[in-house]
Amino acid sequence: MRCREITAPVFLLALCASGAIADRTEIPQAYLKHGLKEDAKRGFIGILFDLGSSDDEKAKSLSFLGDIAFDEGKAVLALKSWRELIERFPGNEEAILASERINQIGQIVEETTSETLRNTVARTYIRHGDWWSRGKEERLVIDTSWIPNDRVAIGWYDRVIKEFPDTDAEVIALKKKFYTVYGWEEPGKYGKKYGVRGSRPVDDLIAVYEDLKTASPTDPDLQRFRYMIAQSFWGKRDFEKTREWLQKIIDDEDEINGFYKDLAEWRMRKVEY
């Protein structure tokens, strides 16, 4: 077949007429999955301007472009992509999801007026006003003092876990919840400690681990999380529990000389301070 003679990148973009790919967004989605974000964006944009693309494919492309922009911190561009999706493909499932995203994100993101005005004269007046008030702050600065950041974060992850069971989103939320419960320490002399690194019991961390193990029994991050649990016990000087969790790592990779098995074996040699 002649299309096999074309170099791989061209073949992927041209979508050889064999019809082997049912959905044109599959290729840019694959790019995105493998971290080729710029190639993914070019692929989705190409679908938007391809007369052969279906409405569903174009709607998906706009949805993904909005997601990518938001992940890159370009909230205004993300909102524009999702609004274009809603305007061009009302009633499409992707448009309905985009509406929900806008309702959520609109609560914390403010678009500057000049970016939404099409009238040239009005935009000019706005710029004049902006010049005279250039010291103003147009974004909301949220004061989070006295708010338990870890508990608030966990609340959002729990929403995902509850509303999207048996999905990749649930697994991602569980992992992020695990890291949050594990905790962190703010910089500075008076920085707060959160999660297990603060006063939270290690049993809370184990509970999240068990939920993840149920949702994704062969997840590649389970060994790392076991070590983090062992390390948490070690930090609290519970050496018996430290050994118990180190042994779980070693037993799980009985036939494989993996990184965490090797690490656990070294730590097992010297547990007590």
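What follows draws every value from the coordinates through simple rules; no lab data is involved. All values reported here derive from a predicted model rather than from experimental measurement. Neighbour counts are summed over all protein chains in view; Cβ atoms, including those assigned to glycine, are modelled from backbone coordinates with ideal geometry.
Footprinting exposure proxy ranking of 146, 156, fewest other C-beta atoms within 10 angstrom first, gives 146, 156. Exposure proxy for 209, 190: other Cβ atoms within 10 Å of each Cβ, ordered fewest to most, give 190, 209. Kindly state, to the nearest 0.05, the FRET efficiency for residue 145 paired with residue 71, given R0 = 35 Å and r defined as their beta-carbon distance. So the FRET efficiency works out to roughly 0.80.
Please say if region 154-239 is rounded, prolate or oblate, where rounded means a/c under 1.5 for a ≥ b ≥ c the square roots of the C-alpha gyration tensor eigenvalues, and otherwise the choice is prolate for a/b larger than b/c and oblate otherwise? Cα axes put region 154-239 in the oblate bin.
By other beta-carbon atoms within 10 Å, ranking 49, 239 with the fewest at the front produces 49, 239. A simple count of charges around residue 22, restricted to other residues whose Cβ falls under 13 Å of its Cβ and scoring Lys, Arg +1 and Asp, Glu -1, yields -2. Taken along the Cα-to-beta-carbon direction at a fixed 7 Å, the label points for residue 42 and residue 216 span 3.0 nm.
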